[in-house]
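K.L.:
This is the structure, below, for whatever I ask next.
The values are calculated or read from the model by the stated rules, or taken from the named source; none is laboratory data. Being a predicted model, the structure only gives us computed values, none of them experimental. Cβ sites come from the backbone with ideal geometry, for glycine too, and all protein chains shown count toward neighbours. Surface areas here come from the heavy atoms of the whole protein model, side chains and all, with no ligands, DNA or RNA. Shrake-Rupley method; radii C 1.70, N 1.55, O 1.52, S 1.80 Å.
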Amino acid sequence: MSSREDILESIRRNTRMRYEKPDYAQLEEEAVKYPDLLARFKEVMPQMGGRAVVLQKGEDVNKVIKGLYPNAVRIAATMKEVRCGEGMQPVTCATFHPDDVRCSGDLDGTDLAIIQGRVGVCENGAVWIQQDVEQRAVYFIAEALVILLDRHNLVSNMHEAYRQIDTGEYGYGVFISGPSKTADIEQALVLGAHGARDVTVILV
Amino acid sequence: MSTRHSKAAELFLKDKDLAAWHDETLWMVRAKRDNQSKQLPEWEHLRDMACAIKMYSNSHLDQLLLEFEKNALANGAHVYWAKDAEEYCSIVYNILHGHNVRHFIKSKSMLAEECGLNEFLEEKGIEVVESDLGERILQLMHKKPSHIVMPAIHIKKEEIGELFVKEMNTEPGNNDQTYLTHAARKNLRHKFIEAEAAMTGANFAVASTGECVVCTNEGNADMGTSQPKLQITAFGMEKIVPDRGSLGVFTRLLARSGTGQAITTYTSHYRKPRPGGELHIIIVDNGRSRILADKEHVKTLNCLRCGACMNTCPVYRRSGGYSYTYFIPGPIGINLGMLKAPLHYYDNVSACSLCHSCQNVCPAKVDLADQIYRWRQKLEDLGVASTSKKAMSGGMKFLMERPGLFGFALKNAPIANSLPRWMMYNDLNDWGKEHEMPKFARESFNEMWKKKKV
Ligand code: SF4
């Protein structure tokens, strides 16, 4: 018999009482909800070590990014343009597309990556990134990250978020909440363990 | 006291400063957890739900694992089943060997630790690099983790500074945590890029999608799996959850309970292999299916490996991870060790004062202290009866001898008032035998004194 059959047989032999699947509905109903999602998201991001910036009417997203990261030279962007309220804005501050590199290792040394967020979660500052380029390394290897997120795509909690997300064509997605961090040396919090040291979510 | 735990604890306590720091730091993490839980009115409901989902999942493992397998195969992954540690290690080795992998980068996995994967691979000539900072430090020091979430909690920055001078060419005498962390970042970047394969564990495996979910703060799992195109993911079968709805429950509890954060920085969902790459998934039993039949201990399979029970345990905080003989320390480790090999690990059951704090914080409601209590009752049957008395009073005595610590345990003592009577008065409880147990007052004399009530 194969290990697979052995294991399944052992599970069946040893399983005693079968418990019913619980219904999440009531919990999801009573889960924390924020009346002002935008205000809450702005408040929670710094707690996670990042920042949230709301793009004002008529403001140029490229100017905002350049203002935040004046020293960034190698800038990757996964999109050519971004929908901002009334219309589209071109993303012109980037210097290359992440899939232009020969191999993922060549993305090392990227100063800033501008990527697309799909859903923002107000209870914890997590933003869902659905893989939309072949080299997903760009989400992690860049020194700093700008996540562009439609301000209408904010939800209160993870229950709501999980109803909206998917992993798409590439079969990969990640919630990112603020910069990479560690406290492995004497519990002192340090930003920038392996991933981005600095994260800004721009709500467009 | 002469259990192996108490002897090892004495060793840990010799360095008074480190011991005090360890105690306070973990208590601070516990306080952060409380702060998080209090922000959510639905907290207790979340814990009940997590427990109910695990009870459902672990009693439907046959169905859920098959559903997972079907979906993972449809996603283009390879799926393997490993009965025990050896089979798991061999599967990993064969995959690596078949792809000529010489550089292999790993993110933290308690399963790999449980099965001795690194030793196995290194014996066969494959270089394994741990990428979680704490794990990497320990690997370079040839030491073992002392906590499941904060593996290097027992190491001082001066030791790390010295290590990095040798290993990463850092400035001698510069022990600044930011400096050292960024040196490791730079050093490990090269390791990620040169690796031919990356491996992760899984916090959750979702039956309805066939995806594996990994939670990290450092981003090391994603740095690894986005460089080489060969990915291996292995999980103990109790990591299975039915659907994404259940992830909504668990991701809200895990980091809040373990480290007092609202969520980990990265919650990664691996569903398909990368374009032109391969994804190999290993489902591991290694004794888990046997636990299903043990109704007194089956709830250990609910464990999310969050570490909260360690952070809160007055004995763990004051005795350190190395004082336990099983590789997982603290309340959950005591129980898992007993399930693995009771005659080998029974010393650990003494490392508990039955304050029940662990089971009051556990996000998946593992009945940790009740289980330890049951093990103590069984010691006689195991033929180690003379130890039973020591085991019974060991944790209490440990605290009694350390007044500062006893103060904490006392604060939590009112919990004992609600223990079932059979737990308080029985053949093993020597204190209950000789006298009616005192009722613990809601407020201890000490607390009242401090508040100037007396
Ligand atoms: S037993 Fe509970 S508290 Fe302890 S590590 Fe597991 S889930 Fe966390």
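K.L.:
Residues in segment A:187-196: is at least one within 30 Å of residue B:276 (Cα to Cα), open to solvent by less than 10 Å² (accessible area, probe 1.4 Å) and more than 7 Å from chain B (Cβ to nearest Cβ)?
P.N.:
Yes, segment A:187-196 contains at least one residue that is within 30 Å of residue B:276 (Cα to Cα), open to solvent by less than 10 Å² (accessible area, probe 1.4 Å) and more than 7 Å from chain B (Cβ to nearest Cβ).
K.L.:
Further question on the same structure: Which ones in segment A:128-152 are in contact with a Leu (Cβ under 8 Å, 6 or more places away or on another chain), facing chain B (nearest Cβ under 9 Å) and among the hydrophobic types (A, V, I, L, M, F, W, C)?
P.N.:
Hits for segment A:128-152 are A:137, A:138, A:141.
K.L.:
State whether the residues of segment B:26-34 include one that is among the acidic types (Asp, Glu) and more than 8 Å from chain A (Cβ to nearest Cβ).
P.N.:
yes
K.L.:
Another one. I'm told residue A:124 meets every condition in (1) in contact with a strand residue (DSSP E or B) (Cβ under 6 Å, 6 or more places away or on another chain); (2) part of a loop (DSSP other than H, G, I, E, B); (3) in contact (Cβ under 8 Å) with a residue 60 or more places away in the chain except one. Can you identify the failing condition by its number?
P.N.:
It is condition (1) that residue A:124 fails.
K.L.:
Restricting to segment B:269-289, name every residue that is part of a helix (DSSP H, G or I) and more than 7 Å from every other protein chain (Cβ to nearest Cβ).
P.N.:
B:288
K.L.:
Applying the selection to segment B:99-108, what residues are more than 21 Å from residue B:125 (Cβ to Cβ) and open to solvent by less than 50 Å² (accessible area, probe 1.4 Å)?
P.N.:
Hit for segment B:99-108 is B:107, nothing else.
K.L.:
Answer yes if at least one residue in segment A:153-166 is under 30 Å from residue B:194 (Cβ atoms) and more than 12 Å from chain B (Cβ to nearest Cβ), and no otherwise.
P.N.:
no
K.L.:
Please determine, by comparing only the residues of segment B:337-360 that are closer than 22 Å to residue B:250 by Cα and crowded, with 24+ Cβ neighbours inside 10 Å, which one is nearest to the ligand (Cβ to nearest atom).
P.N.:
Filtering segment B:337-360 for residues that are closer than 22 Å to residue B:250 by Cα and crowded, with 24+ Cβ neighbours inside 10 Å, the one nearest to the ligand (Cβ to nearest atom) comes out as B:358.
K.L.:
Moving on to the next point. Considering segment A:105-125 alone, what residues qualify as being under 16 Å from residue A:146 (Cβ atoms) and open to solvent by less than 10 Å² (accessible area, probe 1.4 Å)?
P.N.:
A:107, A:110, A:112, A:113, A:114, A:115, A:117, A:120, A:125
K.L.:
For segment B:15-36, which positions are of a type in the set (S, T, N, Q) and surrounded by 15 or more Cβ atoms within 10 Å (Cβ to Cβ)?
P.N.:
B:25, B:36
K.L.:
Hey, another quick one. When residues of segment A:163-204 are filtered for being more than 30 Å from residue A:29 (Cβ to Cβ) and among the aliphatic types (A, V, I, L, M), how many remain?
P.N.:
So the count comes out to 11.
K.L.:
Can you tell me which residues in segment B:31-87 are within 19 Å of residue B:304 (Cα to Cα), among the hydroxyl-bearing types (Ser, Thr, Tyr) and not in a loop (DSSP other than H, G, I, E, B)?
P.N.:
The answer is B:37, B:56, B:57.
K.L.:
Give B:123, B:113, B:130, B:86 a once-over and let me know the one that is in the same structural domain as residue B:196 (by TED's automatic domain parsing) and buried (at least 19 other Cβ atoms within 10 Å of the Cβ).
P.N.:
B:130
K.L.:
Also, I was wondering about something else. What tally of residues in segment A:1-39 results from selecting those that are open to solvent by less than 50 Å² (accessible area, probe 1.4 Å), farther than 17 Å from residue B:43 by Cβ and at the interface with another protein chain (Cβ under 7 Å from one of its Cβ atoms)?
P.N.:
Qualifying residue count for the region: 8.
K.L.:
Give all pairs with beta carbons closer than 8 Å in which a residue from segment B:358-369 that is at positive phi meets a residue that is in a helix (DSSP H, G or I) and more than 6 Å from the ligand (Cβ to nearest atom); count only pairs at least 6 apart in sequence or on separate chains.
P.N.:
B:365/B:47; B:365/B:48; B:365/B:50; B:365/B:51; B:365/B:299; B:365/B:302; B:365/B:359
K.L.:
Here is a further query. Just one of B:193, B:155 is in the same structural domain as residue B:237 (by TED's automatic domain parsing) and open to solvent by less than 10 Å² (accessible area, probe 1.4 Å); which is it?
P.N.:
B:155
Residue-by-condition table, conditions (1) more than 10 Å from chain A (Cβ to nearest Cβ); (2) open to solvent by 10 Å² or more (accessible area, probe 1.4 Å); (3) away from the ligand (no atom under 16 Å from the Cβ):
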{"position": "B:226", "(1), (2), (3)": "no, no, yes"}
{"position": "B:233", "(1), (2), (3)": "yes, no, yes"}
{"position": "B:243", "(1), (2), (3)": "no, yes, yes"}
{"position": "B:256", "(1), (2), (3)": "no, no, no"}
{"position": "B:267", "(1), (2), (3)": "no, no, yes"}
{"position": "B:291", "(1), (2), (3)": "no, yes, no"}
{"position": "B:298", "(1), (2), (3)": "no, yes, no"}
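K.L.:
Give the residues of segment A:108-127 that are facing chain B (nearest Cβ under 10 Å) and either among the charged types (D, E, K, R) or out of contact with any Ser or Thr (no Cβ under 9 Å at 6 or more places or on another chain) (or both), sorted by residue number.
P.N.:
A:108, A:109, A:123
K.L.:
Taking the residues in segment B:37-52 that are within 11 Å of chain A (Cβ to nearest Cβ) and over 20 Å from residue B:366 (Cα atoms) as candidates, determine which candidate is least open to solvent (accessible area, probe 1.4 Å).
P.N.:
Step by step, filter segment B:37-52, then rank; the result is B:40.
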